[in-house]
Amino acid sequence: TDWQQRRAIVLSGMQQVMGPLPGKKKRCELDVKVENETDCGSYIRRLITYASEPGGRVPAYLLIPKKALAGKGKTPAVLCLHPTDSRIGHKVVVGLGGRANRQYAEELAERGYVTLAPSYPLLANYQPDLKKLGYQSGTMKAVWDNIRGIDLLESLPYVKQGGVGAIGHSLGGHNAVYTAVFDQRIKVVVTSCGLDSYLDYKGGNITGWTSTRYMPRLLAYKDRLQEIPFDFHEMIGALAPRHCFISA
């Protein structure tokens with residue numbers, strides 16, 4: 001009981017900086033559209049867009065093992081969140097980036113998982129108007145897009161119900177943690193090189209976290225880091241009792 005009270009304080013502190021988590025008003029029909037489809041051997045790769053909110057569509061890759069499409073049982077699903085890449089964005093995690101060890105959405109699809117790799121806002125070809133959509137940070141926009149991505153995965157007839165996984169490297173590593181704190185449908189979190197105490201980050205120079213695509217409000221704490229109302233050890237704690245693997 002005490003921990004649930006503390007957890008609520010952590011979530012409140014996150015929203016003080018990230019802006020409020022959207023509610024039911026933004027949960028519109030997903031209206032999934034397939035832009036193109038590629039046969040990748042053991043799985044099908046679809047470039048899709050979905051409506052995460054009224055007036056906002058998210059580009060994403062959906063990778064579906066052929067066994068799942070053939071109706072051979074329900075398949076577990078994983079949200080695959082990409083690292084920082086302003087040129088190709090989410091392509092890097094589906095094997096279209098030419099960079100080693102980034103293609104985890106592809107590798108998981110080959111292992112039999114349905115994987116969804118949404119774009120991160122304000123990177124590559126995904127440039128939503130955050131102010132017009134009512135966001136105070138790119139971080140919260142990404143969290144909401146990911147939450148709606150889980151809605152999408154749960155709507156698929158071949159996806160196993162009862163929770164999904166989330167995995168990410170760097171930007172994707174902390175994006176996975178942020179999203180899992182707010183959405184307990186994520187049962188397993190794998191985060192690679194995605195987190196460090198804000199107090200320790202670059203010797204106390206917090207500005208790397210304060211761009212529009214992250215959390216501009218953090219800049220107000222640049223000379224008083226101890227007063228930031230949340231940090232990664234608390235967010236990791238807020239994942240309990242779920243499974244979390246950290247490579248850092």
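Each row is one residue, and each column tells you yes or no for (1) closer than 14 Å to residue 108 by Cβ; (2) polar (S, T, N, Q).
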residue: 7; (1), (2): no, no
residue: 16; (1), (2): no, yes
residue: 45; (1), (2): yes, no
residue: 52; (1), (2): no, yes
residue: 62; (1), (2): yes, no
residue: 82; (1), (2): yes, no
Flagged in the range 115-129 as out of contact with any helix residue (DSSP H, G or I) (no Cβ under 6 Å at 6 or more places or on another chain) and outside any loop (DSSP other than H, G, I, E, B), in numbering order, are 126
All conditions in (1) out of contact with any Leu (no Cβ under 7 Å at 6 or more places or on another chain); (2) on the phi < 0 side of the Ramachandran plot; (3) not β-branched (Val, Ile, Thr) are true of residue 170 except (2)
Those residues of the range 151-166 that are part of a helix (DSSP H, G or I) and touching a strand residue (DSSP E or B) at 6+ places or on another chain (Cβ under 6 Å) come to a total of 2
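So that you can scan it fast, the table gives a plain yes or no per residue for (1) under 30 Å from residue 106 (Cβ atoms); (2) in a helix (DSSP H, G or I):
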residue: 139; (1), (2): yes, yes
residue: 142; (1), (2): yes, yes
residue: 147; (1), (2): yes, yes
residue: 168; (1), (2): yes, no
residue: 172; (1), (2): yes, yes
residue: 184; (1), (2): yes, no
residue: 191; (1), (2): yes, no
residue: 202; (1), (2): no, yes
residue: 217; (1), (2): no, yes
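Is there a residue being under 27 Å from residue 42 (Cβ atoms), part of a loop (DSSP other than H, G, I, E, B) and touching a His at 6+ places or on another chain (Cβ under 6 Å) anywhere in the range 94-114? Break it down into steps so the answer makes sense when it comes.
Initially, the range 94-114 is screened for residues under 27 Å from residue 42 (Cβ atoms), giving 94-114.
If we keep only those that are part of a loop (DSSP other than H, G, I, E, B) as well, we get 95-103, 111-113.
Those still in the list that are touching a His at 6+ places or on another chain (Cβ under 6 Å) too: none.
Checking the range 94-114: not a single residue is under 27 Å from residue 42 (Cβ atoms), part of a loop (DSSP other than H, G, I, E, B) and touching a His at 6+ places or on another chain (Cβ under 6 Å).
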Going through (1) open to solvent by 80 Å² or more (accessible area, probe 1.4 Å); (2) within 25 Å of residue 161 (Cα to Cα); (3) modelled with pLDDT of 95 or more; (4) over 20 Å from the mean Cα position of the chain (by Cα) one by one, residue 72 fails only at (3)
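Looking at 131, 141, which is the one that is open to solvent by 50 Å² or more (accessible area, probe 1.4 Å) and either farther than 30 Å from residue 65 by Cα or of a type outside the set (Asp, Glu) (or both)? Show your work before the answer.
On the way: 141 fails: open to solvent by 50 Å² or more (accessible area, probe 1.4 Å).
Of the residues listed, the single one that is open to solvent by 50 Å² or more (accessible area, probe 1.4 Å) and either farther than 30 Å from residue 65 by Cα or of a type outside the set (Asp, Glu) (or both) is 131.
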Taking the range 15-25 and the residues there that are assigned to a helix (DSSP H, G or I) and in contact with a helix residue (DSSP H, G or I) (Cβ under 7 Å, 6 or more places away or on another chain), the one that is farthest from residue 118 (Cα to Cα) would be 17
Practice item. Inspect the range 29-47 for any residue being part of a loop (DSSP other than H, G, I, E, B), touching a Cys at 6+ places or on another chain (Cβ under 7 Å) and open to solvent by 40 Å² or more (accessible area, probe 1.4 Å) and give the result as yes or no. Key: no
If we keep only residues of the range 85-111 that are modelled with pLDDT of 95 or more and small (Gly, Ala, Ser), then the residue surrounded by the fewest Cβ atoms within 10 Å (Cβ to Cβ) is 95
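The values are calculated or read from the model by the stated rules, or taken from the named source; none is laboratory data. Please read all numbers here as calculations on a predicted model, not as lab measurements. With ideal geometry, Cβ positions are generated from the backbone for all residues, glycine too; neighbour counts draw on all protein chains shown. Ligands, DNA and RNA are stripped out before the accessible areas are found, and what is left, the full protein with its side chains, is counted by its heavy atoms. Shrake-Rupley method; radii C 1.70, N 1.55, O 1.52, S 1.80 Å.
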